[in-house]
Every structure is written in C-alpha cells, then in structure tokens.
Amino acid sequence: MTNPLTLYVPIKQDAKTQETAQGIHDNFVAAVTAGLDASAIVHYARISLIPNASGEGFHAIMLMTEFDGPMNPYLKFFWDNPGTKLAFSAIAAIALTPPNPPVTDLTGFENFINNNNLNDAGDMYAAYPQTVKEIEKAFSTAKAH
Amino acid sequence: MPVSNSQPDRNNVQGMIMRGYTHPWSCHLIFKFATQPGAKGFIKAILPYVQSAADWGDDKPEMMLNIGLTFTGLKVVSKLTTSDLAGFPPTFKQGPASAGSQQSLNDGKSNIDTWVFGQTGKQVDCVVHVYGMDEPALNKLVKIVADAAVAGGLTEYLPIANGTKRLEEYATVPRNSIHFGYLDGIDQPALNWGNPDDPADLSAFLIGYPNNTSQPGPSQGNAGVFAKDGCYNAFRMLYQDVDTFDNFLDTNAKEIAPKLGLSIADATEWMAAKLNGRWRDGSPLELTPDKPNPELSHATAFGYSGDTTGMKCPFSAHNRVANPRDEVLSEPGLPPRLIRRGMAYGQPFNSKTASEDRGLIGLFLCGSLSNQFELLYSWINTTNFSNIFPNQQGQDALIANRSMPGADTSFTIPTSKGPVEIESLPQFVVTRGTAYCLLPSISTLKSIVE
C-alpha cells in the first residue's frame, strides 16, 4: 500500500538560510538518488521552495514523497543512508523552529519527520496498487525479453 | 544523557526483559489512572513486588510482578516536562491505534472500535504482569495489586467474558503451547552483550546503549535518563479462532490428501506445518520437511536462504515471515528480532467451550516499537521484504490481518507434485486490544514514587 509524506518546514529568513535552502533544493535529487534507489520503496520524491507572500525569498521548504508500506519503520533506512540523512539534516538545520533537542539520533529524526508531516494515509489517491519492487521487476523482465 | 558503553546492571532492569519466567500462573492487569497522587500511590504499593533481572539462584520467588507504563501513563506519573516528553519516539507517543502505527498493524478501524482496551475512550495507562508459582500465590499478589488500584482510584479493564474477568494465563494449557496446538516460544534472541551490530544483542532491546540495528531511544536529555535500562512492550490480546482454524485444516486436508498420498490425519498436520513453518511439535520444516521429528522440536540452527523455491517451507509460512533468519532481504541490514513472553488465555476449544474467548496474551519486547515490532508486523501483513518471495503482496499465513487493503490472501504451497493453491486464507487471529508500554528501569520506578 502506498503512503504519502509531505514534510513542510518553515525556514529562517536570513540571507544565509535562504541561500542554503536554494542549495538544498538544487542538490536534492543528486543527494538522495542512491539512498532512495537502495530503499526500493519510494515511487517519487521532490522538493519545493514555498515563496513568501511578498514574492521575495522563501517561507518554507517542502519535501513530498509517495512510498510503499508504513512510514515509521522505514525512516531508519533513510537515517542510515548518508545521502538522505544529509538532506533531511540540512532541512532540520534551517528550520524556523529547530528541533529541540537537535536531531542527532534516529529517535530525534523520527520526531522531526512526524512533527512536520502534513499527510496521513487517507489523504492520497493512487492510480495503481503495485509497489516499486513489483514495477521494477515487471519492467526488467519485459526488457530481458 | 549520552548512551553508555558499560554493561547494564541486572538489578536495575525489570526481570521479564532478560529472562523468560517459568512460573506457570500469570495474570495481566490493565489500568487507567485517575489522578497523579493515586497513580503514584498505586505504584508505590506494588513496587516491593517488582522482580529485577538479577539471578535469584535457588530462591525462586513464589510471586512477583513487572510494571509497564504507556505514554499517557508516563505523563501522569513522571516529573518530565512537556519538552522532555517530546523526546520519546513518535510510535510510543501516538500509540498502537494511531494512523501511523496502523500503517503497519492494519488492524482495521472496525476492529479497533471493538478493542476491549487501547482504543479511543479505553485509554490504558499501566499494565501489571503478575506471576505465581501456584494459583494461591498468583491470587494473593493479584489481590494486592487490585486493592492498591482501588485505593488509588484506578479504573481496571476486564477484557474477558464481557468485562467480567481479568486476562489470565490458562495454566492447564501445556506451557509454551498455543490454542492452535503449536509449540511456541521456541526461539528467542540470545541477548548477549557487546555486539551493537547484532539484532539479537541485549543492546537492541535495552534503551541507553549503542546499537546500530534497532537504535533504541530516547537517548538524550531527561527522557533519555528516564528511559535508560527500560524496554518497550507491545502488549496485545490476540483472539485465536480455533473453530475456523480447525475447519480450515479439515476441509483442505480432505482435498489435498489424495494428491499428496497422505492420510487425512497426516494431511491435516502437513497443512498445519505449512501454515506455520514448524510442525505442531515445534520441529522446523527446513530440517524435517516431510514429517515431524520430536528430537528437533526446539531446533534453532537452520536458515531459509537455501530454500529458494519454498519447497520445504512456504515463503509466507508464519515463522519464515516473523523471524526470517538468513533470508536475503530487499532492504539493507539484518532482520529485526523480538523478545516474546506470551502465553495462552482461555479454556481449550471443545464443543462445550466453543463460544468462550481464547487466544494469546502477547508480550512483544523491543528497543524500538517502529524498527522491530511494527516493521515485523508490516511484513506479516505484506510479505514484501525479500525479493525472493514471488508474491510481494502476500501475507503471513497464520496471523496477518486479511482485511488489509490490497492484500493478496492466497497461499501457495510448493510441492514436488505441483503447488497446492489456497485461494483465500481466513482470519485466524483477531486483535482484541493493544497497549504500547515502557517497562521502566527499577531506579526510574523508584524515582516516580519519591
């Protein structure tokens, strides 16, 4: 069963934070690809910078994913993977309200994700029931033929 | 508090975490607190009976108990601030009926609404596990606990017989045997010390020590101090539908017996073994695939990686899912382990007792509810954890929740004479209630009542 995560984190407004947010956005795909590939449960992941109402700068950073299975047991794999851990840690570091205590272990990471997740399982439409593994297997088989 | 590398003090750890009790009588009392003074008075009154993990030598206690606190209970009795409490893992804070936990457990809302404890309006704050060497000893300590609860203004949940009876072990069911007739509790984590990469190491279960597998928490701040030397307990009351189970075996044994060249009695046992991964005497299919072997009833030295077709043990047999051993996983790392301290409740099934409640009192101990208990439960409900499994939407043949959206409830048993296909497995096990408890250290319990 596919589930959603929408991580919405308002960020500080100083110039350095805004620059860091842009960097996180620009490097996101490269940073997380290996980790998400290894997990084989994430269908899509994307990151967005939410503009301020004034049109200048960014109010928040938002990470959206759709993944197979339950969220909490699989957060460990993202915490253990250097690329995804770095991406999530970077977002936590620029949060307007930083996690307290700072995220230094898996429990802190689980809390950070849960505290900033806007979605529940019932919020999401899915056009198909297949998992990433099933889709990859089907297409690799088709390719082999 | 930083995590500690020193070995835990057994005198500070509640006994059930580090040892499986052999007391034949037990009762599990479930409470909701009313006030902080009442709750603290209750814990103070029963604290002298708490059994630690220290070796009792030849002086085996006649009666003893262990105490678990849920997050709501902990909020009532602890001195922790709101900020401190926020440091506990979200799975523990939100509880088993939460949307997050239900992504793994998939009990179904209609089922949760019928839980006798642990759902909205039936909040659990504390579970007390009482053990006795005989019935009088058990009853004596249960009375002490019950009297202390009344004095403290606690509400007690009575989960059996329409709210009239406590959840008691049925002592005449053979020890380590469940109502479906299987030998249970055979393989437990070794709980050795000193290997943080081992999912069976004690550090994977006890909070406050480095472990790279389950990574128990909290490990920081006042929450870390409070939780150190504690362990979580996913406490479940699991109804076992023996009538449905027996009918399933009977019906299918008659169909498959001619195909397999077995008597109906042998086909019944064969089917029971294929559902479970072990014969009812405990001997594992991987070591003795054709017939039970009592000499192997407690065998644990085997794996599944050589059985890539499921010819010996079907992929979704309960034991192959709940403890995958050396199975090649699709995720990085080793499969998690659980400490199981369960026992049977309710009278054995027969024509006179058919309508009565019976099942398993499940105590699933872990250092991380999400990374151990819920991860394994998610695999039970969807067997997608190994690429070798041909059906990535399949389910544990014995205990999965069949109503889970998208689940494939079919069951395939490979044999040399062609596969035996079960179109749809029934619901054999139904959850009646769940509470996520912390089994705090003894120093933490003392600090609560100071």
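Is it the case that residue B:185 is outside the structural domain of residue B:280 (by TED's automatic domain parsing), modelled with pLDDT of 95 or more and in contact with a Gly (Cβ under 9 Å, 6 or more places away or on another chain)?
So residue B:185 does not fit the description; no.
Can you pull out the residues in region B:306-344 that are away from chain A (no Cβ under 14 Å) and small (Gly, Ala, Ser)?
Scanning region B:306-344 gives B:306, B:310, B:316, B:317, B:322, B:342, B:344.
Any residue that is of a type in the set (S, T, N, Q), within 14 Å of chain A (Cβ to nearest Cβ) and in a helix (DSSP H, G or I) - is there at least one of those in region B:248-259?
No, region B:248-259 contains no residue that is of a type in the set (S, T, N, Q), within 14 Å of chain A (Cβ to nearest Cβ) and in a helix (DSSP H, G or I).
Exactly one condition in (1) surrounded by 23 or more Cβ atoms within 10 Å (Cβ to Cβ); (2) outside the structural domain of residue B:228 (by TED's automatic domain parsing) is false for residue B:391; which is it?
The one condition residue B:391 does not meet is (1).
Of all residues in region B:298-339, how many are in a loop (DSSP other than H, G, I, E, B), on the phi < 0 side of the Ramachandran plot and of a type in the set (Lys, Arg)?
At the first step, the residues of region B:298-339 found to be in a loop (DSSP other than H, G, I, E, B) are B:298-317, B:323-338.
With on the phi < 0 side of the Ramachandran plot added as a condition, the list becomes B:298-309, B:311-317, B:323-324, B:326-332, B:334-338.
When the remaining residues are screened for being of a type in the set (Lys, Arg), the result is B:312, B:337.
Qualifying residue count, region B:298-339: 2.
Without any contact (Cβ under 8 Å) to a residue 60 or more places away in the chain and at the interface with chain B (Cβ under 10 Å from one of its Cβ atoms): does that describe residue A:81?
Criteria met by residue A:81.
Say whether the condition of being more than 20 Å from residue B:310 (Cα to Cα) and touching a His at 6+ places or on another chain (Cβ under 8 Å) is met by at least one residue in region B:370-389.
no
Could you tell me which of the residues B:76, B:50 is in contact (Cβ under 8 Å) with a residue 12 or more places away in the chain and more than 23 Å from residue B:118 (Cα to Cα)? Walk me through it before giving the result.
Working: B:76 fails: more than 23 Å from residue B:118 (Cα to Cα).
Exactly one residue qualifies, and that residue is B:50.
From the list B:227, B:223, B:234, exactly one residue is under 16 Å from the mean Cα position of the chain (by Cα), surrounded by 20 or more Cβ atoms within 10 Å (Cβ to Cβ), within 14 Å of chain A (Cβ to nearest Cβ) and not hydroxyl-bearing (Ser, Thr, Tyr). Which is it? Steps first, please.
Values: B:227 fails: under 16 Å from the mean Cα position of the chain (by Cα); B:223 fails: under 16 Å from the mean Cα position of the chain (by Cα).
Exactly one of B:227, B:223, B:234 is under 16 Å from the mean Cα position of the chain (by Cα), surrounded by 20 or more Cβ atoms within 10 Å (Cβ to Cβ), within 14 Å of chain A (Cβ to nearest Cβ) and not hydroxyl-bearing (Ser, Thr, Tyr), namely B:234.
For residue B:249, work out the one condition from (1) touching a residue at least 60 places away in the same chain (Cβ under 8 Å); (2) more than 19 Å from the chain's Cα centre (by Cα) it doesn't fulfil.
(1)
Look at residue B:328 and say whether it is in the same structural domain as residue B:394 (by TED's automatic domain parsing), within 25 Å of residue B:426 (Cβ to Cβ) and β-branched (Val, Ile, Thr).
In short, no.
Within region A:59-95, work out how many residues are in contact with a Pro (Cβ under 6 Å, 6 or more places away or on another chain) and of a type in the set (A, V, I, L, M, F, W, C).
Summing the residues that are in contact with a Pro (Cβ under 6 Å, 6 or more places away or on another chain) and of a type in the set (A, V, I, L, M, F, W, C) in region A:59-95 gives 2.
State whether one or more residues within region A:54-77 are within 20 Å of residue B:329 (Cα to Cα), within 14 Å of chain B (Cβ to nearest Cβ), touching a His at 6+ places or on another chain (Cβ under 8 Å) and not β-branched (Val, Ile, Thr).
yes
If I go through region A:75-93 residue by residue, how many of them are under 12 Å from the mean Cα position of the chain (by Cα) and farther than 14 Å from residue A:31 by Cα? Steps first, please.
Taking region A:75-93 and keeping what is under 12 Å from the mean Cα position of the chain (by Cα), we get A:75, A:78-79, A:83-92.
Applying the additional criterion that residues be farther than 14 Å from residue A:31 by Cα yields A:75, A:92.
Adding up the residues that qualify gives 2.
Which of the residues spanning region B:86-120 are farther than 21 Å from residue B:371 by Cα and at the interface with another protein chain (Cβ under 9 Å from one of its Cβ atoms)?
Of everything in region B:86-120, nothing turns out to be farther than 21 Å from residue B:371 by Cα and at the interface with another protein chain (Cβ under 9 Å from one of its Cβ atoms).
In region B:191-201, which residues are at pLDDT 95 or above and more than 17 Å from the chain's Cα centre (by Cα)?
Across region B:191-201, the qualifying residues are B:192, B:193, B:195, B:196, B:197, B:198, B:201.
Could you say which residue among B:80, B:74 is part of a helix (DSSP H, G or I) and within 20 Å of residue B:225 (Cβ to Cβ)?
When all the criteria are applied, what remains is B:74.
Taking region A:112-135 as the search range and keeping residues that are in contact (Cβ under 8 Å) with a residue 12 or more places away in the chain, more than 7 Å from every other protein chain (Cβ to nearest Cβ) and in a loop (DSSP other than H, G, I, E, B), which one is surrounded by the most Cβ atoms within 10 Å (Cβ to Cβ)?
Here the residue is A:119.
The values are calculated or read from the model by the stated rules, or taken from the named source; none is laboratory data. Remember, it's a predicted structure, so these values are computed and weren't measured experimentally. Note: ideal-geometry Cβ built from the backbone for every residue, glycine included; neighbour counts use all protein chains shown.
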